[in-house]
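Remarks on the structure that follows.
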Amino acid sequence: MITILNENNVTELDGVAGSALWVNRDDMAAVTGWTLKPEGFCKDEVCVPVPANKSGELIADDRVNLSEAWRLMGKPVAASSDGDVWSLGEAANDRNDAMLSLEAPDFSLPDFSGKLHSLTDFRRKRVLLITWASW
Amino acid sequence: MIVSVAMDAEIEAAQPWVDVASPTFVTLIDKNHQLSSLYNMVNVPQAVWIDEDGKIVRPTESGGSIDILREFDMEIMGFKPEAMERAAAAKATYTQAVKDWAINGKESPYAFDPDAARDHVEPMTDDMALAHTKFQLGQFLLHNGREDEANGVFAECRDLHPYSWNIFRQTSEKMDTGIAAGEAFWGKVMSLGDEEYYKTVDMPGMS
């Protein structure tokens, strides 16, 4: 069993823990939204080409080395020491571009009764988003 | 409207504060500190003003707080009255600005135009992005019985993103009060030098 953490989501998949995160293409698409196409790894309008000399390292039949693919796309990766838990983060550049677009990044977080709320639920209102903490 | 978010890994830690405050506004909990990653947040409180179309009008800033932390008086274990008064005045100033914007929208003198809003975005570095990625890993390990491994990951997070008080205080030892304000915290505060604990909000009356 391997566990993938991505944008606050936790996904458990059948798989082998190790020094690389191999998943099948469908799982990659379901977990990350990125799909493997002839053009490369694609999401929305963006495609990141797979260099010819990297193809063998990244793709084997219907399986993808997602940890290497993630690094190829310039995104941060972290793994547990056993290689059974993988955190796939977002690149600083992408975060910075999102902020500079001034489109407030959406999120879904629970209230204290467990009900999820998304920022987009509050469209048509002016929102003061403000943080605090117990610590 | 107000959307308040507790940057707290454990709901049990935040719950008593909600019980006492009984907020009438939306109050959420962000166990993985996802907002730190999305909005480049480094401390609490931090605020973002988002207009009715979902556009950022004022990017991440120190809410109604000013940087009085190094005026903490260890002898009285509190702030001197003068510092408390300045902090209260700044909070009142900021609250009044929020109200003005709530009523007047983009006509409010406190709402940035798009260019000014972009100018106030603090850039995230690759190390910070990696710290957020590792923080999520650490939280998962911590909550799945792998505390030692989690603590190693959190140590890496603190090194990668030394300006994040969210990471530092969430992952530091807490006092009996549940607050991470022990020796390690004050040591880090005192080593800030010219760095600010709360970056000054670009608004008249907020310094």
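General remarks:
- Residue match in region B:169-185 (condition: surrounded by 18 or more Cβ atoms within 10 Å (Cβ to Cβ), in contact with a Ser or Thr (Cβ under 9 Å, 6 or more places away or on another chain) and of a type in the set (Ser, Thr, Tyr)): no
- Residue within region A:54-71 that is among the aliphatic types (A, V, I, L, M) and either within 14 Å of another protein chain (Cβ to nearest Cβ) or under 12 Å from the mean Cα position of the chain (by Cα) (or both) present: yes
- Exclusive hit being modelled with pLDDT under 95, more than 14 Å from chain B (Cβ to nearest Cβ) and more than 24 Å from B:CYS157 (Cα to Cα), set A:ASP14, A:ASP27: A:ASP14
- Selection count where residues are outside any helix (DSSP H, G or I) and surrounded by 21 or more Cβ atoms within 10 Å (Cβ to Cβ), scope region A:51-74: 1
- Selection within region A:103-117 - more than 18 Å from the chain's Cα centre (by Cα) and more than 7 Å from every other protein chain (Cβ to nearest Cβ): A:SER113, A:GLY114, A:LYS115, A:LEU116
- Filtered by the rule that a residue be within 7 Å of chain A (Cβ to nearest Cβ) and farther than 25 Å from B:ILE103 by Cα, region B:12-30 gives B:ALA13, B:ALA14, B:GLN15, B:TRP17, B:VAL18, B:ILE29, B:ASP30.
- When residues of region A:78-97 are limited to those that are closer than 16 Å to A:ASN9 by Cβ and more than 7 Å from chain B (Cβ to nearest Cβ), the one surrounded by the fewest Cβ atoms within 10 Å (Cβ to Cβ): A:LEU88
- Sole exception among (1) in a helix (DSSP H, G or I); (2) more than 14 Å from the chain's Cα centre (by Cα) for A:ASP94, by number: (2)
- Any hit, region B:148-169, residues being modelled with pLDDT under 95, within 18 Å of the chain's Cα centre (by Cα), hydroxyl-bearing (Ser, Thr, Tyr) and within 23 Å of B:SER36 (Cα to Cα): yes
- Residue match in region A:46-53 (condition: more than 27 Å from B:PHE168 (Cα to Cα) and in contact with an Asp or Glu (Cβ under 6 Å, 6 or more places away or on another chain)): yes
- Leading residue by the ranking (farthest from the other protein chains (Cβ to nearest Cβ)) among those in region B:109-165 that are aromatic (Phe, Trp, Tyr) and not in a helix (DSSP H, G or I): B:TYR163
- Any chance A:LEU100 is within 13 Å of chain B (Cβ to nearest Cβ) and aliphatic (A, V, I, L, M): yes
- Looking across region B:11-51 at every residue that is among the aliphatic types (A, V, I, L, M), in a helix (DSSP H, G or I) and farther than 21 Å from B:GLN139 by Cβ, the one that is farthest from the chain's Cα centre (by Cα) is identified as B:VAL20.
Here is a yes/no grid of residues against (1) surrounded by 19 or more Cβ atoms within 10 Å (Cβ to Cβ); (2) without any contact (Cβ under 8 Å) to a residue 12 or more places away in the chain:
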position: B:VAL48; (1), (2): yes, no
position: B:GLU52; (1), (2): no, no
position: B:ILE56; (1), (2): yes, no
position: B:GLY64; (1), (2): yes, no
position: B:GLU75; (1), (2): no, yes
position: B:PRO81; (1), (2): no, yes
position: B:ARG86; (1), (2): no, no
position: B:ALA89; (1), (2): no, no
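- Residue match in region A:82-98 (condition: without any contact (Cβ under 8 Å) to a residue 12 or more places away in the chain and hydroxyl-bearing (Ser, Thr, Tyr)): no
The values are calculated or read from the model by the stated rules, or taken from the named source; none is laboratory data. Model, not experiment: these values are computed from the prediction. Neighbour counts run over all protein chains shown; Cβ positions are idealised from the backbone, glycine included.
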